[in-house]
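Below is the structure I would like to discuss, written out as C-alpha cells.
The values are calculated or read from the model by the stated rules, or taken from the named source; none is laboratory data. On a predicted model such as this, the values are computed, not experimentally measured, just so you know. Methodologically, a virtual Cβ is constructed for each residue, glycine included, from the backbone with ideal geometry; neighbour enumeration extends over all protein chains shown. Please note that ligands, DNA and RNA were not included when accessible areas were found on the heavy atoms of the full protein model with its side chains. Shrake-Rupley method; radii C 1.70, N 1.55, O 1.52, S 1.80 Å.
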Amino acid sequence: MVGQIRSFNRTVTQRIGALDDAFLSRDRPLGQARVLWEIGPDGSDIRLLRSRLDLDSGYLSRLLRALERDRLVVVEASRADGRVRIARLTREGRAERARLDRRSDEAALAILAPLSARQRTRLIAAMAEVERLLVASAVRVAPRDPRHADARSCMRAYFGELSRRFEGGFDPARSIPAGDEELTPPAGLLLVATLHDEPVGCGALKLHDGGPAEIKRMWVSPALRGLGLGRRLLAELEAQAAAHGAGAVRLETNRALDEAIGLYRDAGYHEVPAFNEETYAHHWFEKDLAPPFPVRSAR
C-alpha cells in the first residue's frame, strides 16, 4: 500500500507540473502560486491561511515575502483587530491569480483531452473519491479538555443539531448530564476531531469503576459525514474504554438519529432494555469489549 501511494504521488506531481520551477509556465514555483490562489480576492487571515494549507509558519512567511517583493501581495494588520495579520492581493496580484486560473483550466483540459469519454468519467470519479479519502486521512483525533474552545464549538453544534432534529427540540438541562468534570480524566474523557485546526467532530466517554463505560456526545460535522469519521471516533472511544478496564460500553440515542443507530448496529452494538432514564432516548445499546492485547517487550 505504501508503495502504491508513493507511485501515485510521483505520477501526480509530474503530470501536474509540480516539479517545474515555473508552475503553469509562470515565473514562480507551485508553493507561491498556491498561496496566491488561496489568499483569494477578499484576502485571508494569515493564521487561517497557514492552517488551511498545513504549512509551517516560517515557510509561509518566506512565500509571502517573495510575493510581496513581486508586488503581488501586501500584508497588513486587520482593521478590526490589530493583532491579526491579513494578506491581500494587489491589483497585480489579482491579475496574476486570474492568469493562473486560466492556465490551470488549460492544464486540466490537457489531461482530459487524450482520454475517451468513458475514461474521463472514470478519472473524474476516481479523483473525487481520492480527494474525499485524502480529506478523511487529514483529520486528527485527540483528547481535548472539555473547556477548550474547540470542545465548546463541538458542543454548541451538537446541541444545535439535536434541537433541530428532535421532535419538540432539545434542552440540555432535561438530559442526563455529561459535564466538564465527568469528561475530564480520570472520570472520563473527550475526543475532538480537527481538520486544518478546525473542530469537525467529537465523542466522549464516562468511566465507571467496575461497570460499563458510557459513550456520550457523538457528533460529526455534516460536511465530513460519509468519510468514516463517526466510526473512527467510536472505535477510539471503545479502545479508550478497554484501556481503562471497562468490559463493555453503553449508549442511548434518539429515534430521529437514524444514521447513528445504523452506525452502532454495524459496529456490533445490540439493543438492550433501558439502563437509565434519559428523557430523549428511545434506544439503548451495549457492546462487549475484548480486553486490550498486552504489550510485549522486545527481546
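Output the residue which, of all residues in the range 50-78 that are at pLDDT below 90 and within 20 Å of the chain's Cα centre (by Cα), is least open to solvent (accessible area, probe 1.4 Å).
Among those residues, the one meeting the criterion is 51.
Same structure, new question: For the range 178-229, how many residues are touching a residue at least 24 places away in the same chain (Cβ under 8 Å), of a type in the set (Gly, Ala, Ser), touching a strand residue (DSSP E or B) at 6+ places or on another chain (Cβ under 9 Å) and over 22 Å from residue 278 (Cα atoms)?
3
Only one residue in 83, 79, 71, 88 is assigned to a loop (DSSP other than H, G, I, E, B), over 25 Å from residue 131 (Cα atoms) and in contact (Cβ under 8 Å) with a residue 12 or more places away in the chain, so which one is that?
On the way: 83 fails: in contact (Cβ under 8 Å) with a residue 12 or more places away in the chain; 79 fails: in contact (Cβ under 8 Å) with a residue 12 or more places away in the chain; 88 fails: assigned to a loop (DSSP other than H, G, I, E, B).
Checking each option against the conditions leaves just 71.
Would the range 91-106 turn up any residue that is part of a helix (DSSP H, G or I), of a type outside the set (D, E, K, R) and within 30 Å of residue 139 (Cβ to Cβ)?
So the first thing to find is which residues in the range 91-106 are part of a helix (DSSP H, G or I), and the list is 91-106.
Within this subset, residues satisfying the condition of being of a type outside the set (D, E, K, R) are 93, 95, 98, 100, 104.
Adding the requirement that they be within 30 Å of residue 139 (Cβ to Cβ) leaves 100, 104.
Looking for residues that are part of a helix (DSSP H, G or I), of a type outside the set (D, E, K, R) and within 30 Å of residue 139 (Cβ to Cβ), one finds at least one in the range 91-106, hence yes.
Please list, ordered by first then second residue, the pairs with beta carbon atoms under 6 Å, 6 or more apart or interchain, first in the range 51-64 and farther than 15 Å from residue 37 by Cα, second open to solvent by less than 30 Å² (accessible area, probe 1.4 Å).
Sorted first by the residue in the range 51-64, then by its partner, the list stays empty.
Right, another one. Of 94, 47, which residue is without any contact (Cβ under 8 Å) to a residue 60 or more places away in the chain, within 25 Å of the chain's Cα centre (by Cα) and surrounded by fewer than 18 Cβ atoms within 10 Å (Cβ to Cβ)? Spell out how you get there, then give the answer.
Details: 94 fails: within 25 Å of the chain's Cα centre (by Cα).
Only one candidate qualifies: 47.
Considering only residues that are open to solvent by less than 80 Å² (accessible area, probe 1.4 Å), in contact with a helix residue (DSSP H, G or I) (Cβ under 7 Å, 6 or more places away or on another chain) and in a helix (DSSP H, G or I), which ones fall in the range 112-129?
If the condition is that a residue be open to solvent by less than 80 Å² (accessible area, probe 1.4 Å), in contact with a helix residue (DSSP H, G or I) (Cβ under 7 Å, 6 or more places away or on another chain) and in a helix (DSSP H, G or I), then 112 is the only one that fits.
Within the group 192, 135, which residue is β-branched (Val, Ile, Thr) and open to solvent by 20 Å² or more (accessible area, probe 1.4 Å)? Even if it seems obvious, please write down each step before you answer.
Numbers: 192 fails: open to solvent by 20 Å² or more (accessible area, probe 1.4 Å).
Going through 192, 135 in turn, just one is β-branched (Val, Ile, Thr) and open to solvent by 20 Å² or more (accessible area, probe 1.4 Å): 135.
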